[in-house]
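This report refers to the structure that appears directly beneath it.
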């Protein structure tokens, strides 16, 4: 499966990207121009320079809304959203998603 990971230069995103690669998925990841990704140089990540706050760098608001718009335009079928504790806009993003026809799906996976 082709996947896109935003925030792959961070702790959560980089581990997600590595796990997806280990499972055989292709990974395209966004990074800001000043992101440090040398620790990921040995992984087959297709990097795309983009700033989630800049709609033009994504092809098409506010970070999450830009990602959702770009996904819709690309015909993406599913979004898995995960964030750190500092992100507080998810409720707004969910309302925006639902207002634009997305159904709400909640999945939780707990490792054994």
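The values are calculated or read from the model by the stated rules, or taken from the named source; none is laboratory data. Keep in mind the model is a prediction, meaning the values are calculated, not measured. With ideal geometry, Cβ positions are generated from the backbone for all residues, glycine too; neighbour counts draw on all protein chains shown.
Points worth noting:
- Leading residue by the ranking (nearest to residue 7 (Cα to Cα)) among those in the stretch 38-49 that are touching a strand residue (DSSP E or B) at 6+ places or on another chain (Cβ under 7 Å) and modelled with pLDDT of 90 or more: 47
- Extreme residue, modelled with the highest pLDDT, among residues of the stretch 25-37 that are more than 13 Å from residue 4 (Cα to Cα), surrounded by 12 or more Cβ atoms within 10 Å (Cβ to Cβ) and touching a strand residue (DSSP E or B) at 6+ places or on another chain (Cβ under 8 Å): 37
- Selection count where residues are outside any strand (DSSP E or B), surrounded by fewer than 19 Cβ atoms within 10 Å (Cβ to Cβ) and in contact with a helix residue (DSSP H, G or I) (Cβ under 6 Å, 6 or more places away or on another chain), scope the stretch 1-21: 0
- Condition broken by residue 6, with the remaining ones in (1) in contact with a strand residue (DSSP E or B) (Cβ under 8 Å, 6 or more places away or on another chain); (2) at pLDDT below 85; (3) over 19 Å from residue 75 (Cβ atoms) satisfied: (3)
- Taken as a whole, the condition of being assigned to a helix (DSSP H, G or I), modelled with pLDDT of 80 or more and touching a helix residue (DSSP H, G or I) at 6+ places or on another chain (Cβ under 7 Å) does not apply to residue 69.
- The single condition among (1) assigned to a helix (DSSP H, G or I); (2) modelled with pLDDT under 85 that residue 84 does not meet is (1).
- Within the stretch 53-66, not a single residue is modelled with pLDDT of 80 or more, within 20 Å of residue 12 (Cβ to Cβ) and in a loop (DSSP other than H, G, I, E, B).
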